[in-house]
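Chemist: Take this structure first; my questions come after.
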Amino acid sequence: MATIIEGIGATTSSLNSDRFQLPSRRSFSERKGRFFSVRSEGKVIGGSRGGNVSPLVTNAVATKGDSSTASTSAKPGHEVLLFEALREGLDEEMMRDPTVCVMGEDVGHYGGSYKVTKGLAEKYGDLRVLDTPIAENSFTGMGIGAAMTGLRPVIEGMNMGFLLLAFNQISNNCGMLHYTSGGQFKIPVVIRGPGGVGRQLGAEHSQRLESYFQSIPGIQMVACSTPYNAKGLIKAAIRSENPVIFFEHVLLYNLKERIPDEEYVLSLEEAEMVRPGEHVTILTYSRMRYHVMQAAKTLVNKGYDPEVIDIRSLKPFDLYRIGNSVRKTHRVLIVEECMRTGGIGASLTAAITENFHDYLDAPIVCLSSQDVPTPYAGTLEEWTVVQPAQIVTAVEQLCASCHVDCIDYSKDYTWPNQNKKLLEVSSCNTDTVLFSTLLPNMDSFLSMQTDFSHESLVDCVFTLDMNLSECEPKADFKQNKLADFGTVAKLGTVNSKPSFNLNNENSSIAHACALDMSL
Amino acid sequence: MSCAFLSVNIAQPNPLTSNRHSTNAIKLFSPSFLGSTRKLRPHSLSKSLPSPSKSLRSSVFAVSDVVKELKSNLLITKEEGLELYEDMILGRAFEDMCAQMYYRGKMFGFVHLYNGQEAVSTGFIKLLRKDDCVVSTYRDHVHALSKGVPARAVMSELFGKTTGCCRGQGGSMHMFDKEHNVLGGFAFIGEGIPVATGAAFTSLYKRYVLKEADSDAVTLAFFGDGTCNNGQFYECLNMAALWKLPIVFVVENNLWAIGMSHLRATSDPEIWKKGPAFGMSGVHVDGMDVLKVREVAKEAILRARRGEGPTLVECETYRFRGHSLADPDELRDPDEKAHYANRDPITALKKYMIENKLVNESELKAIEKKIDEVVEDAVEFADESPLPPRSQLLENVFADPKGFGIAPDGTYRCEDPKFTQGTAHV
């Protein structure tokens, strides 16, 4: 019942020569404009690692208003709307633990302005579902004080934007108090509320606070996007000992999905694989997930294979699943509703660049909302947020571009086919066994393909058989980059010591190219 | 009603004839006490050192049932008197030692000393049980000491050592102690009041939701006159009165917020009046006299414990030193300082006890000597304690360190043993 989708880790355990798998559906003649990816991994990635393994929804392509048919349970569950899923989660946790309470404006008798807490006050009483006066800073602080003395409050901001008034308490007390008290007091609060751009709600009701809160040390942030993960995450957030800020989206409350009857809790720190793919990794969260999935339909029709990951955990990022994906596809597109400046995408870009720079073949593209207070007019509002058409264009551009990793030789040499680009050169790898097994296989593969002409080649990779005896770890390129694109042509041998800027190698290639380009 | 800046002859404020449950008698203040920074409140100027019986009737405005029931003239027994004296001496000696240590370079940053205000801390906190909570501001050393936090722990915390009550991570302005229910220590003023409200809420919750019938823990929130212009103060007064939370709001009105005189900052400087505006009792008390404070405190705490709601107690007090050790304290009138120095709470209590033949000099001297040793020992302990090691850097950021997330290799970052040293990328 529980399927674990984790990038490539689940399929490959180690690289040995008979593990090269070629995507069978692509024949070589179709390669123009596509990527030929040899699935190989230079690193050993064990089976399922990384903390809690939780059931994930596969291929949840739920656009707004459509009912999703995804379900991870073998027997049918029950259909709920997202706000009902949240209510179920809250209800179950309140039944399970009497110290869980809810406080916020209009959560009790009114049932919550988005009906998330409807019926809970009748069931649990006015003290457990507390209607507060309109004093965000103070009732957030009250929730924190209650958490310090033993309760587990769920604090609701009627709109996330109102929590700006509670910033003092959230930053100073919620985030820092556990630390400044030397670990004596824990603050197991959940601060939740809907945010994001709605339908012409105006600037102040359309704020995305995830960017403002993300620097606060000591808090976790999660964003739910489907009824399934909403219920699982709210339960996890309530059970967590850390303060969690739980972002919901105003427009997602009426999503319908079938969720399991039995109890389930998701992990707060894990990302969700929405759609596995090969060509490009699209990272998104909250409402933009649906814009991405809409764009994904178009992209699939156009022949692209995007991998869509809903990062869910905005702080901290799940760099494991993201990393696996980047290692596989080498291209990253981040689609978010946050503002351009200092948003979640900006942090994510930095994190990915820091950790996975070597695996990237193109700069990370980040599509965010415009840096503008959300206008009231419908047309203007539409243009502030990222739309599916923009996502499609971005993916197309991203896949078409390839970064030239070394000197562009096209200036010095007239390529018979102007589209050819020199992509990858030399690899000095500390693992000599690995490298030397790689090349012969590439070579033998090449010789199997006898019917290609160089007009159909768009991208080429030239590898050199290196003398690896004096390898410097600094010049370490990963195997998969070599094998990722196009054909591999064994040009020749460079017997010199690898140079720091690959100058030696580059000039050898130029030389070899000049001599023999009759592939 | 009252003018902000000009010292004119204003009409006297009308007595608040409230038909709500606040039955406190209202004193009529003489006019023109709102004025320039150099004007003092006339009623304080005209008083000499109060004698016990006289002061009782004129300054305490709570209709104190406790006082009425007293058989004897004395407010305290010998044991209680010694306890109060010891606590105040501890507070004073500790703060003086803090100043010494600061100038010797043993502690840094902002250190706010409590000299002169001991009566408020002692008067209130010595009436509490262990499970009652205290929330304070940055001027919190003495509140922690009165509540029972060992002097050693507080001094180590000030020195930034790992044996401090917050492992050296909080510092002067963040004194926390779970065992003694000291909920901090907050640097921003007004920030602690909602936390205190929350602690009181828990007490109420435990009684009515968790059905723990004996849950009647009271929370005390201490803050200053400057805080009384802050929104959080009013919001919490509202919520506490609305839900009848077991909390006492104690205003330590020392007339100065760093260099801003209370009279220059507040449209109506009588803070106790703001209580009845929210439907709770507002009491004004002479905060330089520990016995008066204690009487008012008894009533307020009992009221909270009985579930009758909060009280706002304004203690007129004074800090002998500057706002912090970095404050040159040039704005305050030396006459004002001298006036309050004459009303030193420790001297007053000493005089009271000796005049009423509760104790003799030698017993008090013995206490002073004992406290000196305690403070010396605290300094020694703090000196000898180790500084926090590098591995402590990220240790308490999360209660559940899984919150640091999953590293690129698939494991949780917290599983890396060196992670708390802060060397890993996050």
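The values are calculated or read from the model by the stated rules, or taken from the named source; none is laboratory data. Treat the numbers as computed from the prediction; the structure is a model and nothing was measured. So basically every Cβ, Gly included, is an ideal-geometry build from the backbone, and we count neighbours across all protein chains shown.
Chemist: Collect the residues in region B:166-183 that are within 7 Å of another protein chain (Cβ to nearest Cβ) and either assigned to a loop (DSSP other than H, G, I, E, B) or surrounded by fewer than 22 Cβ atoms within 10 Å (Cβ to Cβ) (or both), keeping them in residue-number order.
Modeler: B:CYS166, B:ARG167, B:GLN169, B:GLY170, B:HIS174, B:LYS178
Chemist: With respect to the numbered conditions (1) buried (at least 19 other Cβ atoms within 10 Å of the Cβ); (2) at pLDDT below 95, which one is the sole condition not fulfilled by A:ARG340?
Modeler: It fails just one condition, (1).
Chemist: Which one is farthest from B:ARG152 (Cα to Cα) among residues in region B:380-392 that are in contact with a helix residue (DSSP H, G or I) (Cβ under 6 Å, 6 or more places away or on another chain) and not basic (Lys, Arg)? Break it down stepwise before answering.
Modeler: As a first pass, look at region B:380-392 and keep what is in contact with a helix residue (DSSP H, G or I) (Cβ under 6 Å, 6 or more places away or on another chain): B:381-382, B:385, B:390-391.
Subset that is not basic (Lys, Arg): B:381-382, B:385, B:391.
Values: B:PHE381: 6, B:ALA382: 7, B:SER385: 10, B:SER391: 23 Å.
Across region B:380-392, the extreme among qualifying residues is B:SER391.
Chemist: Okay, next question. Being part of a loop (DSSP other than H, G, I, E, B) and under 17 Å from the mean Cα position of the chain (by Cα) is the filter here; which residues of region B:95-130 pass it? Working first, answer last.
Modeler: So the first thing to find is which residues in region B:95-130 are part of a loop (DSSP other than H, G, I, E, B), and the list is B:104-117, B:126-130.
Hits for region B:95-130 are B:VAL111, B:HIS112, B:LEU113, B:TYR114, B:ASN115, B:GLY116, B:GLN117, B:LYS126, B:LEU127, B:LEU128, B:ARG129, B:LYS130.
Chemist: For region A:330-366, how many residues are under 13 Å from the mean Cα position of the chain (by Cα) and in a strand (DSSP E or B)?
Modeler: So the count comes out to 7.
Chemist: Examine region A:108-120 for a residue that is within 14 Å of chain B (Cβ to nearest Cβ) and under 31 Å from the mean Cα position of the chain (by Cα), and state whether such a residue exists.
Modeler: Of all residues in region A:108-120, those within 14 Å of chain B (Cβ to nearest Cβ) come to A:108, A:120.
Pick out the ones that are also under 31 Å from the mean Cα position of the chain (by Cα) and you get none.
There is no residue in region A:108-120 that is within 14 Å of chain B (Cβ to nearest Cβ) and under 31 Å from the mean Cα position of the chain (by Cα).
Chemist: Still on this structure: For region A:300-329, which positions are part of a helix (DSSP H, G or I), crowded, with 24+ Cβ neighbours inside 10 Å and among the aliphatic types (A, V, I, L, M)?
Modeler: A:LEU319, A:ILE322, A:VAL326
Chemist: Do we find a residue being facing another protein chain (nearest Cβ under 10 Å) and free of Cβ contacts under 8 Å to residues at least 12 places away in the same chain anywhere in region B:129-148?
Modeler: There is no residue in region B:129-148 that is facing another protein chain (nearest Cβ under 10 Å) and free of Cβ contacts under 8 Å to residues at least 12 places away in the same chain.
Chemist: Looking for whichever is in contact (Cβ under 8 Å) with a residue 60 or more places away in the chain, outside any helix (DSSP H, G or I), within 30 Å of B:MET353 (Cα to Cα) and touching a strand residue (DSSP E or B) at 6+ places or on another chain (Cβ under 8 Å) here; the options are B:PHE249, B:PHE320. Which one fits?
Modeler: Selected residue: B:PHE249, the only one of B:PHE249, B:PHE320 that is in contact (Cβ under 8 Å) with a residue 60 or more places away in the chain, outside any helix (DSSP H, G or I), within 30 Å of B:MET353 (Cα to Cα) and touching a strand residue (DSSP E or B) at 6+ places or on another chain (Cβ under 8 Å).
Yes or no, residue by residue, for (1) facing chain A (nearest Cβ under 8 Å); (2) in contact (Cβ under 8 Å) with a residue 12 or more places away in the chain; (3) part of a helix (DSSP H, G or I):
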residue	(1), (2), (3)
B:PHE186	yes, yes, no
B:THR197	yes, yes, yes
B:LYS206	yes, no, yes
B:ALA217	no, yes, no
B:LEU220	no, yes, no
B:TYR234	no, yes, yes
B:ASN238	yes, yes, yes
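To keep it simple, each residue is scored yes or no on (1) more than 14 Å from every other protein chain (Cβ to nearest Cβ); (2) touching a strand residue (DSSP E or B) at 6+ places or on another chain (Cβ under 7 Å); (3) in a strand (DSSP E or B).
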site	(1), (2), (3)
A:TYR212	yes, no, no
A:VAL222	no, yes, yes
A:TYR228	yes, yes, no
A:LYS231	yes, yes, no
A:ILE238	no, yes, no
A:PHE247	yes, yes, yes
A:ASP261	yes, yes, no
A:LEU283	yes, yes, yes
A:SER286	yes, yes, no
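Chemist: Take A:LYS235 and tell me if it is surrounded by fewer than 24 Cβ atoms within 10 Å (Cβ to Cβ) and out of contact with any Gly (no Cβ under 6 Å at 6 or more places or on another chain).
Modeler: Details: surrounded by fewer than 24 Cβ atoms within 10 Å (Cβ to Cβ): yes; out of contact with any Gly (no Cβ under 6 Å at 6 or more places or on another chain): no.
In short, no.
Chemist: (1) facing another protein chain (nearest Cβ under 7 Å); (2) within 40 Å of the chain's Cα centre (by Cα); (3) aliphatic (A, V, I, L, M): which one isn't true of B:ILE406, the others all being true?
Modeler: The failed condition is (2).
Chemist: Evaluate the following for A:TYR359: is it more than 23 Å from A:GLY202 (Cβ to Cβ), within 14 Å of chain B (Cβ to nearest Cβ) and modelled with pLDDT under 95? Full working, then the answer.
Modeler: Details: more than 23 Å from A:GLY202 (Cβ to Cβ): yes; within 14 Å of chain B (Cβ to nearest Cβ): yes; modelled with pLDDT under 95: yes.
Yes.
Chemist: Another question about this same structure. Of the residues in region A:334-366, how many are over 18 Å from A:ASP318 (Cβ atoms) and of a type in the set (Val, Ile, Thr)?
Modeler: Selection size over region A:334-366: 2.
Chemist: Please go through region A:275-312 and pick out each residue that is over 20 Å from A:SER368 (Cα atoms) and touching an Asp or Glu at 6+ places or on another chain (Cβ under 8 Å).
Modeler: Selection gives A:ARG275, A:PRO276, A:GLY277, A:GLU278, A:HIS279, A:LYS302, A:TYR304, A:ASP305.
Chemist: So which residues in region A:303-351 are more than 20 Å from A:PHE213 (Cα to Cα) and within 11 Å of chain B (Cβ to nearest Cβ)? Show your work before the answer.
Modeler: Within region A:303-351, the first condition is being more than 20 Å from A:PHE213 (Cα to Cα), and the residues that meet it are A:303-309, A:320-333.
Passing the criteria: A:TYR320, A:ARG321, A:ILE322, A:GLY323, A:ASN324, A:VAL326, A:ARG327.
Chemist: What pairs come out if I take residues in region B:399-426 that are within 18 Å of A:GLY182 (Cα to Cα) and surrounded by 19 or more Cβ atoms within 10 Å (Cβ to Cβ) and pair them with residues that are β-branched (Val, Ile, Thr) and modelled with pLDDT under 85 whose C-beta lies under 7 Å away, six or more apart or interchain?
Modeler: B:PHE404/B:VAL426
Chemist: Suppose we filter region B:113-146 for residues that are more than 16 Å from B:PHE223 (Cβ to Cβ) and not small (Gly, Ala, Ser); how many remain?
Modeler: Total satisfying the criteria: 12.
Chemist: Could you pull out the residue among A:SER211, A:SER225, A:SER215, A:SER181 that is touching a residue at least 40 places away in the same chain (Cβ under 8 Å) and out of contact with any Leu (no Cβ under 8 Å at 6 or more places or on another chain)?
Modeler: On the way: A:SER225 fails: out of contact with any Leu (no Cβ under 8 Å at 6 or more places or on another chain); A:SER215 fails: touching a residue at least 40 places away in the same chain (Cβ under 8 Å); A:SER181 fails: touching a residue at least 40 places away in the same chain (Cβ under 8 Å).
Selected residue: A:SER211, the only one of A:SER211, A:SER225, A:SER215, A:SER181 that is touching a residue at least 40 places away in the same chain (Cβ under 8 Å) and out of contact with any Leu (no Cβ under 8 Å at 6 or more places or on another chain).
Residue by residue, here is whether (1) more than 22 Å from the chain's Cα centre (by Cα); (2) at pLDDT 95 or above holds:
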site: B:SER64; (1), (2): no, no
site: B:LYS68; (1), (2): yes, no
site: B:GLU79; (1), (2): yes, no
site: B:ALA93; (1), (2): no, yes
site: B:VAL134; (1), (2): no, yes
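Chemist: If you go through region A:89-107 one residue at a time, how many are assigned to a helix (DSSP H, G or I) and within 11 Å of chain B (Cβ to nearest Cβ)? Write out each step before concluding.
Modeler: Step one: filter region A:89-107 for residues assigned to a helix (DSSP H, G or I), giving A:89-96.
Next, only the ones that are within 11 Å of chain B (Cβ to nearest Cβ) stay: A:94.
Count: 1.
Chemist: Still on this model: Output the number of the condition that A:LEU251 fails; it satisfies all remaining conditions of (1) in contact (Cβ under 8 Å) with a residue 24 or more places away in the chain; (2) under 25 Å from A:VAL365 (Cα atoms); (3) in a helix (DSSP H, G or I); (4) not aromatic (Phe, Trp, Tyr).
Modeler: The failed condition is (2).
Chemist: Then there's this: If you go through region A:187-212 one residue at a time, how many are of a type outside the set (Val, Ile, Thr) and buried (at least 22 other Cβ atoms within 10 Å of the Cβ)? Steps first, answer last, please.
Modeler: Pass one, region A:187-212, residues of a type outside the set (Val, Ile, Thr): A:188, A:192-196, A:198-212.
Those still in the list that are buried (at least 22 other Cβ atoms within 10 Å of the Cβ) too: A:188, A:192-196, A:206-210.
Residues flagged as of a type outside the set (Val, Ile, Thr) and buried (at least 22 other Cβ atoms within 10 Å of the Cβ) within region A:187-212 amount to 11.
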